[in-house]
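Read through the structure below, which is laid out as structure tokens, and then see the notes.
Every number here is computed from the coordinates shown, using simple stated rules; none is lab data. For clarity, every value in this text was computed on a predicted model and none was experimentally measured. Here the Cβ is made from the backbone with ideal geometry for all residues, glycine too, and neighbour counts use every protein chain on show.
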Amino acid sequence: MGIDVTRKKSSEPSESTLFAYFNEIGIIAQLSIVLFERNLPEGLNNSQFGVLNWFCRVDSEASPGRLATAFQVTAGAMTNTLKRLESKGLVKIEPDQFSGRKKKITITAKGEKVQKQAIAASAPLFQEFAENCPQENIELQIEQLQKVREYLDQRRYN
């Protein structure tokens, strides 16, 4: 027995419509990550860029646990990403001055530069996309996608 795809007389979308909506978002995410990674500086992957971008957007300092929570990955996965970034001189890992066990992570000047370079290197992709999608459509979609992100973010621990 499958999902009933007939629409009810309400304004609520059906399960199949919602599935298609989130399926499209997932496909867009995958395709855009692959395109974006092609323009990243040599040796940097999307996960590593994501951490650098988080520091530039959100906060200048964080613990590995805070970052793991923000990216919804295990502490081990985040530690691996941070060690790779540290080996490239893009983040600094120091002992937390208030706790002997915790670590404090900060982005370096080189990390900030690489983050900006990665975005600049993607400018031609963004320009090509802009030529094919009217700005008013993009702005409307940003508002709608922010609502979806906020909704999902509020429910990530449920």
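A few comments on the model shown:
- Approximate spin-label separation Q117-E15, in nm, with each point projected 7 Å along Cα-to-Cβ: 5.0 nm
- Principal-axis tilt of helix 135-154 within the chain, Cα atoms, nearest 10 degrees: 70 degrees
- Estimated FRET transfer efficiency (L35, V148; beta-carbon r; R0 30 Å; 0.05): 0.90
- Spatial separation of Cα centroids for region 34-56 and region 85-158, in angstrom: 9 Å
- Cα convex hull of region 15-121 - mean projected area over all directions, nm²: 8.1 nm²
- Virtual spin-label span in nm between E131 and F22, 7 Å along Cα→Cβ: 3.7 nm
- Degrees separating the helix 75-87 axis from the principal Cα axis of the chain, which is the longest one: 50 degrees
- Counting charges near P95 (Lys, Arg +1; Asp, Glu -1) among other residues having Cβ under 9 Å from its Cβ returns a value of +2.
- Total lysine pairs whose alpha carbons fall under 19 Å of each other in the chain (8 or more apart, or interchain): 17
- Placing pseudo-labels 7 Å out from each Cα toward the beta carbon at F98 and V58 gives an inter-label distance of 1.8 nm.
- Among V73, V51, V114, residue whose mean-square fluctuation peaks in a GNM of the chain (springs only between Cα atoms under 10 Å): V73
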